Amino acid sequence: MNKKIDFNYKKSMGQHFLINPEIARHIVDSLKQTTTNDVIFEIGPGSGIMTQFLIDKYPLLKIVELDREAIELLKKKFINIDNKIICGDILKINLIGYANKFTIIGNMPYNISGPLLFNALEYRNHLIEWVGMLQLEVVQRILSNPSNKTYGKLSVLLQAYFEIEQIMRLSPASFYPPPKVSSAVIRMIPKKDKIPKTNFENFVKIVKLSFTHRRKTLRNNLKGLLDYDTLMDGFFNKRPEELSWQDFDEMIQKYFK
């Protein structure tokens, strides 16, 4: 395993570079919906360890990188990569401006993993699949079941709109610098059916409000949205972590008319 990194990592960017090429190859091989004719965006390629397995297989590859030092390294490593590079912040770039349908893959910067996942939700109708490396605890929250202490709004929203699978788990030794936590890779594929009947914006809004204070009841968290008599229904004695995404959908359909 080559542990040498060709440029200085930036702690402020949440950079932890994957250093095992076999793991990188396995992550790329885990793409199962993406074809060679599809646009694919690699997020935060860093030293290019995953890029090397993407660049020949996917001709329409685009690389989104904020670190200009990393970009210069990529230009030295890969011939004719200039037209594939999008220099900027992934959270400020509109990917739909580049393609209507696309896949996202990457070793995601840990300091923006939450916003990146909500970003995936916004792109749900345009995504082919989403494969990303995240902190293990974030993956555990995503996959968590109701009435579990790790269950929250991220669990509800992503499970409502995606089929989600954990592909692998990695120790800190797989990265440089090694993070203080373990990591895991997940694949998310947008559902074609069996999604909430509720309008997306309303569903997201009410789920988020329901978890404003996760240990308080739905009655407390939603008291600004419903009248007194409705809130007196025994259903609102429940806490948000007790509800599956289907329960949230039924609640909204019944009480938020």
- Selection count, the stretch 177-210, where residues are outside any strand (DSSP E or B) and crowded, with 20+ Cβ neighbours inside 10 Å: 7
- Message: Checking residue 180 against (1) in the same structural domain as residue 47 (by TED's automatic domain parsing); (2) over 21 Å from residue 116 (Cβ atoms): exactly one of these is not met. Which one?
- Response: (2)
- Message: I'd like to check which helices (runs of 4 or more DSSP H) are fully inside the stretch 12-114 and have at least 2 residues that are under 23 Å from residue 178 (Cα atoms), assigned by TED's automatic domain parsing to the domain that holds residue 169 and at pLDDT 95 or above.
- Response: 21-29, 51-54
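Okay, residues lined up against (1) aromatic (Phe, Trp, Tyr); (2) closer than 24 Å to residue 110 by Cα:
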{"site": "153", "(1), (2)": "no, yes"}
{"site": "157", "(1), (2)": "no, yes"}
{"site": "162", "(1), (2)": "yes, yes"}
{"site": "172", "(1), (2)": "no, yes"}
{"site": "203", "(1), (2)": "yes, no"}
{"site": "215", "(1), (2)": "no, no"}
- Would you call residue 143 in the same structural domain as residue 115 (by TED's automatic domain parsing), over 18 Å from residue 104 (Cα atoms), surrounded by 20 or more Cβ atoms within 10 Å (Cβ to Cβ) and out of contact with any Ser or Thr (no Cβ under 6 Å at 6 or more places or on another chain)? no
- Only listed residue being touching a residue at least 12 places away in the same chain (Cβ under 8 Å) and of a type in the set (D, E, K, R), chosen from 194, 180, 153, 205: 153
- Pair list, Cβ under 8 Å, 6 or more apart: the stretch 229-240 residue in the same structural domain as residue 214 (by TED's automatic domain parsing) and within 9 Å of residue 219 (Cβ to Cβ), other residue hydroxyl-bearing (Ser, Thr, Tyr) and modelled with pLDDT under 95: none
- Got a number for residues in the stretch 151-176 being at pLDDT below 95 and part of a loop (DSSP other than H, G, I, E, B)? 1
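The values are calculated or read from the model by the stated rules, or taken from the named source; none is laboratory data. Because the structure is a prediction, the values reported are computed rather than measured. Please note: Cβ atoms are built from the backbone with ideal geometry, for glycine as well, and neighbour counts cover all protein chains shown.
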